[in-house]
Amino acid sequence: MRFLKLLGCCALLASIMAAQTSTLPSWATDPQTETRIDSLLKQMTLDEKIGQLITYSQGAPTGPGTGRSNYKEMVEKGQLGSIFNLTTSDETNAMQKIAMEKSRLHIPLLFGLDIIHGFRTEFPVPLAMAATWDPAIVERAAHVAAKEASHSGVRWTYSPMVDISRDARWGRIVEGAGEDPYLGSAVAAAYIRGYQGTKLSDPESIAACTKHFVGYGAAEGGRDYNTAEISLRTLRQVYLPPFQATVQAGAASFMSAFEALNTIPASANSSTLTQVLRKEWNFQGFVTSDWNSIGELIPQGVAANHTVAAAKAFNAGVDMDMESNAYGPHLAELVKSGVVKESAVDESVRRVLRVKFGLGLFDRPYSDGKGANAIAPEDAELARKVAEESFVLLKNDGNTLPLSASGKTIALIGHLADDAQQMLGSWSAISKAGDVVTLRTALIKQAEGLRGHVIYSRGTEILTTSDKGFADAVAAAKKSDIVVLALGEDANLMTGEAGSRAHLELPGNQQQLLEAVAAAGKPVVLLVFSGRPLVLNWASQHVAAIMEVWFPGVQAGPAIADVLLGASAPSGRLTTSFPRAVGQQPLYYNHFNTGRPTRDTDLTHPPKSFAEKFMSRYVDEQNSPLYPFGYGLTYSTVSYSPTSVSSASLSAKSVNAGTEKLTVSAELKNTGGRAVDEVVQLYIRQVNTSVVRPVRELKGFQRVALAPGASQKVEFTIGRDELKFWGLDMKDQVEPAALTVWIAPDSASGKPASVAISE
Ligand code: BGC
């Protein structure tokens with residue numbers, strides 16, 4: 001209750017203003033749709049209404065099932081409005097036929113699926129997609145997924161996952177855009193545009209579902225499903241913005257999260273689900289629960305049984321029950337006893353029907369049967385381009401990369417160079433390992449085309465203690481001019497849902513393999529396949545080059561080979577801080593300063609003096625990440641001029657009124673010999689404010705193409721949106737402050753400029 005009030009008070013003003021000014025998506029404002037819904041609601045029995053508020057899965061559970069499988073019968077009786085995990089046209093059309101021909105009111109079913117980074121054409125995992133810092137390409141990828149899914153009748157995806165995560169232990173960090181709310185918001189909106197197209201009713205558009213609302217990424221200890229404690233200001237400032245960005249982009253649905261947020265389960269939290277989402281943001285779509293997250297209110301300790309759980313979730317703002325079997329059996333009795341109002345049920349049904357109408361399902365309930373039987377060449381090409389843009393070059397001593405293959409022997413070592421299934425990452429919809437081109441296949445082909453030679457040796461598996469392959473790998477290294485090692489995580493076991501890790505090193509005995517192979521004395525290129533930042537300390541000191549390639553999707557091999565051999569240059573940047581030790585978690589660039597801040601360069605380990613010890617530091621490790629947020633090298637060098645600003649002073653009042661803005665610029669020059677795409681980043685810091693503000697915050701970015709020798713001026717505009725924050729009085733506005741701005745290649749560098757923000 002207190003939480004509600006706190007979130008409520010001043011936020012309400014801002015909210016009302018936001019609601020009035022935001023433009024609603026066309027599916028939410030069609031008067032004809034609303035009239036048709038009115039007429040349907042008049043005809044529907046309570047049972048039929050509740051049917052629209054239930055979704056059940058056909059197989060593939062990620063949690064306990066409901067024990068129900070009589071879906072055909074339920075659909076016929078109007079007791080089930082949505083089914084997920086059906087993936088073919090035959091399946092969806094057969095089920096739809098029952099709804100359209102046998103149910104009393106012929107309300108079409110909505111078919112859902114976790115289409116997280118591709119349907120048939122698997123793109124890189126979402127964390128990699130974000131590492132492109134290229135929302136336009138993310139949008140195109142999402143659109144391919146929508147096109148393929150829609151031809152199979154699947155018109156609802158449980159994506160995007162926009163949870164900010166600051167903890168690499170959490171397996172689901174792979175499903176989001178990383179640790180930053182600004183980048184996270186840009187990427188989140190891009191997914192919505194890609195899935196929902198210009199019109200939701202386009203036959204190739206699908207409804208998005210923004211998840212998991214909210215705070216799931218702050219699971220304590222990085223352990224999945226765990227409790228999250230987030231201050232209300234940090235919730236506003238960091239965790240909520242990407243969700244709001246999807247509402248503004250027109251997201252048709254939301255999913256409520258599993259975890260207890262500040263002691264209130266997210267699926268029974270009216271302050272987030274009703275106050276923020278509906279009242280402040282004016283969200284017109286519907287909210288589904290997560291898998292059994294209503295049922296989980298019982299073990300979480302806030303509901304004695306499914307009846308209470310259903311009442312709490314529904315009254316908090318969860319319109320649809322996914323797999324809890326709580327609304328089906330219990331909502332009617334709750335309406336009869338007055339605990340739930342029938343008018344509220346009508347509103348929830350309206351939201352679901354609004355999306356079904358918006359998708360055009362009443363007019364075109366069936367898929368065209370085309371399915372997604374193969375990957376179109378242009379989609380494969382896009383998958384290759386996205387993958388190439390997502391790779392982050394972390395180290396490249398002596399320009400080891402790109403490799404010159406001509407006349408050279410390359411030892412390619414590692415399980416992950418030749419495991420097609422792993423390349424698909426977690427949540428791979430209907431993608432097929434057979435569609436994947438592995439690195440082994442692609443590198444042999446491309447290197448041989450350049451008159452090079454590749455020897456492959458597996459070396460070890462991802463998770464084994466056996467070193468019987470080591471000798472062969474070392475022998476291959478000795479026979480070669482250069483070694484490429486493909487090491488990393490198991491995509492399914494260690495990344496994604498229920499994939500939390502307490503250790504962040506290379507799993508199994510891959511580190512030992514790396515050291516054994518490096519001892520052969522040849523230059524080593526380490527390719528890291530992972531769904532999260534790993535601890536790469538040893539490699540950072542002992543190998544010549546390191547490139548993070550994530551799980552790159554169907555075109556993994558050609559994309560990696562292109563970059564290794566120099567057909568394209570790496571341009572991805574980290575969206576999560578890479579730690580030096582797991583004990584640094586949670587680790588993120590946009591942290592606050594302490595009263596005892598330190599610079600790593602001033603510290604010895606262990607501390608040598610009293611003055612050095614009583615600081616905010618570890619006695620046995622540096623504070624900084626090994627590789628910071630925003631970081632990534634390429635095959636050229638780009639110089640940045642000092643940051644310049646259009647004015648040394650601003651007035652908070654004018655910025656709040658929208659009448660004053662600041663232009664920030666820097667001159668970039670490609671000082672190397674190759675054309676590159678540079679991801680230019682704008683950061684700010686504000687001090688002398690009413691509450692502590694991060695040491696840096698991203699407030700803009702641009703991908704700039706630079707020919708060798710070319711110079712370009714890059715400009716950003718900073719106004720109210722960039723400078724406002726939730727101050728002491730919980731008003732989201734610009735305050736007088738001392739402002740520092742940087743235009744920089746990453747979050748740890750750049751030459752700043754200062755601006756005074758007066759009253
Ligand atoms: C996950 C969701 C997912 C749902 C349906 C849950 O276990 O948390 O992200 O969309 O299952 O598959």
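The values are calculated or read from the model by the stated rules, or taken from the named source; none is laboratory data. What you see is a predicted model; the values in this text were computed from it and never measured. Neighbour counts run over all protein chains shown; Cβ positions are idealised from the backbone, glycine included. The accessibility values were calculated without ligands, DNA or RNA, using every heavy atom of the protein model including side chains. Shrake-Rupley method; radii C 1.70, N 1.55, O 1.52, S 1.80 Å.
Each residue in segment 372-388 was checked for being closer than 30 Å to Ile98 by Cβ and surrounded by 19 or more Cβ atoms within 10 Å (Cβ to Cβ), and 1 pass.
Residue count for segment 641-689, restricted to those that are in a helix (DSSP H, G or I), open to solvent by less than 50 Å² (accessible area, probe 1.4 Å) and more than 19 Å from Gly700 (Cβ to Cβ): 3.
Note on segment 484-558: no enclosed helices (runs of 4 or more DSSP H) hold 3 or more residues that are on the phi > 0 side of the Ramachandran plot and small (Gly, Ala, Ser). Scanning segment 189-226 for residues that are of a type in the set (Ser, Thr, Tyr) and assigned to a helix (DSSP H, G or I) yields Tyr191, Tyr195, Tyr216. Could you say whether any residue in segment 602-611 is small (Gly, Ala, Ser) and touching a Lys or Arg at 6+ places or on another chain (Cβ under 8 Å)? Checked segment 602-611: no residue is small (Gly, Ala, Ser) and touching a Lys or Arg at 6+ places or on another chain (Cβ under 8 Å). The listed residues are Ala218, Ala228, and the only one of them that is more than 30 Å from Asp363 (Cα to Cα), within 16 Å of the ligand (Cβ to nearest atom), in contact with a helix residue (DSSP H, G or I) (Cβ under 8 Å, 6 or more places away or on another chain) and open to solvent by 10 Å² or more (accessible area, probe 1.4 Å) turns out to be Ala218. Residue-level check: of (1) part of a loop (DSSP other than H, G, I, E, B); (2) within 28 Å of Ala332 (Cβ to Cβ), Phe119 misses just (2). In the set (1) surrounded by fewer than 20 Cβ atoms within 10 Å (Cβ to Cβ); (2) farther than 19 Å from Leu109 by Cβ; (3) in contact with a helix residue (DSSP H, G or I) (Cβ under 8 Å, 6 or more places away or on another chain), the condition left unmet by Glu347 is number (3).
Among the candidates Arg278, Arg233, Arg223, single out the residue that is open to solvent by 20 Å² or more (accessible area, probe 1.4 Å) and closer than 22 Å to Val345 by Cβ. None of the others qualify; the one that does is Arg278.
Applying the condition of being assigned to a helix (DSSP H, G or I) and surrounded by 24 or more Cβ atoms within 10 Å (Cβ to Cβ) to segment 257-270 and asking which residue is farthest from the ligand (Cβ to nearest atom) yields Ala268. Note on segment 62-78: among residues that are more than 11 Å from the ligand (Cβ to nearest atom) and of a type in the set (S, T, N, Q), the one that is most open to solvent (accessible area, probe 1.4 Å) is Ser69. Please work out if Phe254 is assigned by TED's automatic domain parsing to the domain that holds Asp290, part of a strand (DSSP E or B) and either within 16 Å of the ligand (Cβ to nearest atom) or among the small types (Gly, Ala, Ser) (or both). Considered against the rule, which asks whether it is assigned by TED's automatic domain parsing to the domain that holds Asp290, part of a strand (DSSP E or B) and either within 16 Å of the ligand (Cβ to nearest atom) or among the small types (Gly, Ala, Ser) (or both), Phe254 comes out as yes. Within segment 32-61, the set of residues being within 16 Å of the ligand (Cβ to nearest atom) and open to solvent by 60 Å² or more (accessible area, probe 1.4 Å) comprises Gln58, Ala60, Pro61. Residues being of a type in the set (S, T, N, Q) and within 16 Å of the ligand (Cβ to nearest atom): count how many of those fall in segment 85-118. The number of residues fulfilling the criteria is 2.
Applying the criterion of being within 16 Å of the ligand (Cβ to nearest atom) and more than 19 Å from Ala252 (Cβ to Cβ) to the residues of segment 176-195, the residue that is surrounded by the most Cβ atoms within 10 Å (Cβ to Cβ) is Ala177.
Considering segment 151-166, and only residues there that are more than 16 Å from the ligand (Cβ to nearest atom) and crowded, with 24+ Cβ neighbours inside 10 Å, the residue that is nearest to Ser289 (Cα to Cα) turns out to be Gly153.
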